[in-house]
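First comes the structure, then the notes that go with it.
Read-outs throughout are calculated quantities, based only on the coordinates presented, and are distinct from any laboratory measurement. Since the structure is predicted, the reported quantities are computational estimates derived from the model, not experimental observations. Glycine gets a Cβ as well: all are built from the backbone with ideal geometry, and neighbour counts include every protein chain shown.
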Amino acid sequence: MILALPSKRLLRALSSILKDSAPTRPAPRHICLACRGQLLTPRANRAPQRATSLLITKATRSASTSSAQGSPDPQSSFTLPDISSHYSIFPNTLPLGPPPAGPFNINLTALRREFLQLQSRFHPDKFPPEQKAKAEALSSRINEAYKILRDPLLRAQYILLNTYGIDVTSEDNSAHPMDLGILMEVMEAQENMEEAETEKQIMALKEQNQERIDVTLQLLDDAFSSRNAEVARRECIRLRYWASLAEGLNAWDGKGSEVRLAH
């Protein structure tokens, strides 16, 4: 007797029936409800929990590492300015340094711009507590340099002292005697100021004095450029009187108040 072999379609149908009728393996009682649900779910329908878990763990570890390391302190990337001199603090405005390499007369607008940038960059509030004292000292140093360099008289005195060892602010005037011509010129200017009675007269005196200041600044620039310390000293003293006269003219109130020039 010859048995007919089942067709391929019949075999596939029987296989499907056996698969669907296979008993489900009971879940162990000692595992959690979530895992028990996973075991009771057919393998084909299970969510890829482990793969997702691994991705989350990796991302968490990466975030934790970044948090632990922290972003680099912005202050640590700053390059501290060279504070060896007032000029070196402002390399963008004064790249050549003081005279004779650099000019005496400087761009005050550019100087102020760089000063504000430095003050913003090294403001003590931007530093952690343990570095705040150093930041405050640096900020004070920047302020001091800017205060001197922006004022032509203080700038000239600074150059004379640091380059030539000449201190024109010394109380010992015998070391730097007053030139008679300068003295007569200053006395005449003071007399004109004291005799002024109207605002118009004061404005005219201010214009005259500004012309004196401009001439003196140019003479100082020439003297420092040529390393003529004696002429620079003389013009620095002259500038001190013109600066004092400018203060007196600005303080004039029309009431005959006496104004004395600083010597």
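For the pair ASN162 and MET203, how long in nm is the line joining their label points, each one 7 Å along Cα→Cβ?
Taking the two extended label points, one gets 4.0 nm.
Excluding LEU108 itself, what net charge comes from residues whose Cβ is under 13 Å from its Cβ, given Lys and Arg +1 and Asp and Glu -1?
Computed value for this residue: +3.
Test of understanding: extend the Cα→C-beta vector of ALA251 to 7 Å, then name every residue of the stretch 148-167 with backbone N under 20 Å from that spot.
Counting only backbone N, you get 151-154.
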